[in-house]
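Each reported figure results from applying straightforward, stated rules to the coordinates on display, with no laboratory input. Everything quoted here is computed from the prediction, not taken from an experiment. All Cβ positions, glycine included, derive from the backbone under ideal geometry; neighbour counts span all protein chains shown.
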Amino acid sequence: MALDDIPRLGCGRSIDRIWATTDRPPTAHEEHCEHCQTARTRLQGLREATRLLRESDLHNPALKPRPAIKNAIMGVARAEVRRGSKILLRSADNGTTEITEQALRSLIRFAAAAIPGVHSRRCRVEIRSAAASPAGEDHASATTGTATTAGPRLIVNLRVAAAPGIVIPRTMESLRREISNALPAGVGIGAGTVNITVEDLYDV
Amino acid sequence: MGDHGPGFEPDPDEGSIVARAQDGDLAAFEHLVLTYQYRLFRLAYRMLNDHGEAEDIVQETLTTSWRGLPMLADVDAFGGWIYRLATNKCLDLLRRRSAHAENCIRPEDMDTIAQAGVLAVSAISDPAHEAEWSAEQDGLTAVLNTLPPAQRACWLLREMHGRSYAEIGVTLKISPTAVRGTLARARHQIAEGMSQWR
C-alpha cells in the first residue's frame with residue numbers, strides 16, 4: 001500500500017471523508033449504509049475520546065516534568081552562555097573596564113522597551129576606537145552634528161519587530177534617540193551609528 | 001515600562017523572544033523553556049510511556065536547542081524545529097529499545113511479549129491514568145500504544161498538538177499528502193481497536 005493511501009470502507013467511501021463530516025447529519029447514503037454508520041459511530045467516539053484525552057493530559061499533574069529538569073536545562077545554558085565579544089570601555093594605568101556585548105544588548109533592549117510598538121530582536125554591537133578610525137572617515141557624521149567627539153564610538157545594529165499600524169519612520173527615530181541617550185548614560189560611550197532593521201510585524 | 005522588569009516589555013511576540021535567545025539572552029531562553037517543556041513532555045510521554053525517559057527527552061531537546069539556536073534561520077520556525085528535535089529523539093529511543101529487545105529476546109517469544117507489552121502499558125498501569133477517565137480514553141491510550149512509532153508520532157503531533165501537515169511531514173520525512181494518509185490510517189486503526197477494547 002502506498003504511503004498516501006487512505007483506507008476505504010466496504011462501500012468505497014474514504015475514512016477521511018467520514019472523519020471530516022462526523023459533525024454533520026448523515027447523507028442519504030450514510031443513513032442506509034452499514035459500513036458508513038459503523039465508521040461514523042466509531043470515529044465520533046474517537047473524536048470525543050481524543051478531545052477528552054487532550055484536555056485531561058493538559059491539566060494532568062502527572063504529565064509534567066519535575067522542576068529539576070528546567071533547572072538542569074538552565075544550568076547548561078548558563079554554563080555555556082554566549083556573551084559575545086568584550087568591548088574595552090576604559091584603559092588606564094590603574095586598570096581597564098570592559099563590557100560584554102551581551103551587557104550592552106541588555107542596555108539597548110531596556111531602552112527599546114520604552115518605545116511602544118517595538119520588540120527588539122537580534123542585536124550586534126561593535127566599537128570603533130578613535131585611534132583606529134582613519135582621519136576623515138567620520139566626516140559624514142561630523143557634519144550632521146551628532147557624535148562629533150573624537151573618542152571611541154559604538155555601532156549598534158538592531159533588528160526589531162514592529163506593531164502593525166505604527167508609523168515606522170517616526171517610531172524608529174524615537175527608538176534611535178532612546179538608544180543614543182541610553183548608551184552614553186550607561187557606559188560613557190556614545191552610539192555613533194544605530195542601524196535599525198524592521199524585520200517583521202508582530203501579531204499579524 | 002510598567003512592572004515588567006528591565007528590558008522586557010509586556011508579552012513580546014515569540015519571534016522576538018527566540019531572536020533574543022539566539023543572541024544568548026538567558027531570560028528569553030528561560031521563557032522558551034517554560035513555554036515548551038510541558039508540551040514536549042506530553043508528546044514524549046505519550047510516545048514512550050515512561051516518565052523518566054520523557055523527562056530526558058525534554059532535557060536533551062531543550063539543551064540541544066540552546067546550542068543550535070544561533071543557527072536557526074527563521075525565528076518563526078522555532079516551534080516546528082523543537083517539536084522535530086523531540087519527535088526524532090523519541091523515535092531514536094524507540095528504535096534503540098526495539099533493537100535491544102531483539103538482541104535479548106528469542107524470536108519465538110516476540111508475540112507473547114508484544115501482547116504483554118500492550119497490557120503493560122494499558123490504562124491501569126499508566127501513571128497518567130486519572131480516576132475520572134472514560135472507558136474511551138482508556139481504550140484510546142491502550143490502542144495508541146500498539147501503533148508503529150512513526151504513525152503514533154504523526155497522530156500525536158496532529159491530534160494532541162495541532163501541528164501542521166507540512167511540519168509533520170518535515171519531521172517524519174514524508175510528504176504532506178503522506179501525512180494525511182498516515183493520519184487517516186492511524187484514526188482508522190485506533191477507532192477499530194477501541195471498538196474491540198471494551
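Worth a mention:
- C-alpha long axis of helix A:168-187 to longest principal axis of chain A, angle in °: 50 degrees
- Annotation: for a label point projected 7 angstrom from Cα along Cα→Cβ of residue A:181, residues of the stretch A:86-108 with backbone N closer than 15 Å are A:108.
- Residues in the stretch A:184-204 that a label on residue B:74 would reach, taking backbone N under 19 Å of a point 7 Å out along Cα→Cβ: A:198-204
- Note on chain A: along the principal axes its Cα atoms extend 92, 43, 35 Å, ordered by decreasing extent.
- Chain A: most fluctuating residue of A:80, A:173, A:55 per GNM, C-alpha cutoff 10 Å: A:55
- Shielding by other protein chains, B:37-46, mean Cβ within 10 Å: 4
- Every Cα-Cα pair of the stretch A:1-78 was included, and the share exceeding 16 Å stands at 65 percent.
- Computed from backbone phi with θ = phi - 60° and the Karplus coefficients 6.51, -1.76 and 1.60, the 3J(HN,Hα) list for the stretch B:61-70 is 4, 6, 5, 4, 5, 4, 6, x, 3, x Hz; x is used for glycine and proline.
- Residue order, fewest to most surrounding Cβ atoms within 10 angstrom, among B:47, B:71, A:172: B:71, A:172, B:47
- Estimated dipole of the stretch A:15-61 in Debye, rounded to 20 [Cβ of Lys and Arg +1, of Asp and Glu -1, Cα centre]: 80 debye
- Close amide H pairs (under 5 Å, H built 1.01 Å from N) link residue A:122 with A:159, residues at least 5 positions away or on another chain.
- Magnitude of the charge dipole for the stretch A:32-117, about its Cα centre and with charges confined to Cβ atoms of Lys, Arg (+1) and Asp, Glu (-1), is about 80 debye.
- Other protein chain C-beta atoms within 10 Å of residue C-beta, averaged over A:70-76: 6.
- Taking Cβ separations below 4.7 Å as the criterion for a possible disulfide partner, the isolated cysteines in chain A are A:11, A:123.
- Per-residue HN-Hα couplings for the stretch A:48-61 [Karplus 6.51, -1.76, 1.60; θ = phi - 60°; Hz; x = Gly/Pro]: 5, 5, 4, 4, 5, 5, 4, 5, 6, 4, 4, 10, 7, x
- Charging the Cβ of each Asp and Glu at -1 and of each Lys and Arg at +1, and nothing else, the dipole of chain A about its Cα centre rounds to 500 debye.
- Angle in degrees between helix A:101-112 and the longest Cα principal axis of chain A, rounded to the nearest 10: 80 degrees
- Compared with the dominant principal axis of the Cα atoms in chain A, helix A:67-79 is inclined by about 40°.
- Average beta carbon contacts from partner chains per residue of A:77-83, 10 Å cutoff: 5
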